[in-house]
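The values are calculated or read from the model by the stated rules, or taken from the named source; none is laboratory data. These figures come from a predicted structure and were not determined experimentally. Counting neighbours? That spans all protein chains shown, and the Cβs are built from the backbone with ideal geometry, glycine included. Side chains included, ligands, DNA and RNA excluded: accessible areas come from the protein's heavy atoms. Shrake-Rupley method; radii C 1.70, N 1.55, O 1.52, S 1.80 Å.
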Amino acid sequence: PVFAGMNGSAIENFSCVIYNIFLMNCTWQAGRDAPADTQYFLYWQNSRDDEEMECELYIKDENCRNMGCIFQNVTIGTEKAYFLVNGSSKDSL
């Protein structure tokens with residue numbers, strides 16, 4: 001689902017790579033028009049019935065903004081995986 005937010009604040013270039021079967025590294029870029037204080041949080045779940053899991057270890061940029069995540073002990077089946085990146089800012093929805 002896509003939620004309301006300021007135009008241009010949604011992340012761009014979202015990508016996840018799985019290493020050594022159990023390690024997943026996800027990265028993204030801040031939206032071009034996102035306020036400077038926007039902080040992003042990543043959640044994923046194996047299926048719609050599974051509990052969502054928040055990132056365990058965020059990768060931060062030079063401004064301490066979350067720009068990626070490392071998940072450990074990941075098990076992904078043959079079904080689809082679901083991802084949500086939620087952004088928050090004092091200056092915008």
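Of all residues in region 57-82, those satisfying the criterion of being of a type in the set (A, V, I, L, M, F, W, C), at pLDDT 85 or above and open to solvent by less than 80 Å² (accessible area, probe 1.4 Å) are ILE59, MET67, CYS69, ILE70, PHE71.
Using the structure shown, decide if ILE70 is assigned to a strand (DSSP E or B) and either of a type in the set (A, V, I, L, M) or in contact (Cβ under 8 Å) with a residue 40 or more places away in the chain (or both). Here the answer is yes, as ILE70 does meet what is asked. When the residues of region 6-56 are filtered to those that are open to solvent by 90 Å² or more (accessible area, probe 1.4 Å) and in a strand (DSSP E or B), which remaining residue is modelled with the lowest pLDDT? Filtering region 6-56 for residues that are open to solvent by 90 Å² or more (accessible area, probe 1.4 Å) and in a strand (DSSP E or B), the one modelled with the lowest pLDDT comes out as TYR19. Could you tell me whether SER88 is in contact (Cβ under 8 Å) with a residue 40 or more places away in the chain and on the phi < 0 side of the Ramachandran plot? Criteria met by SER88.
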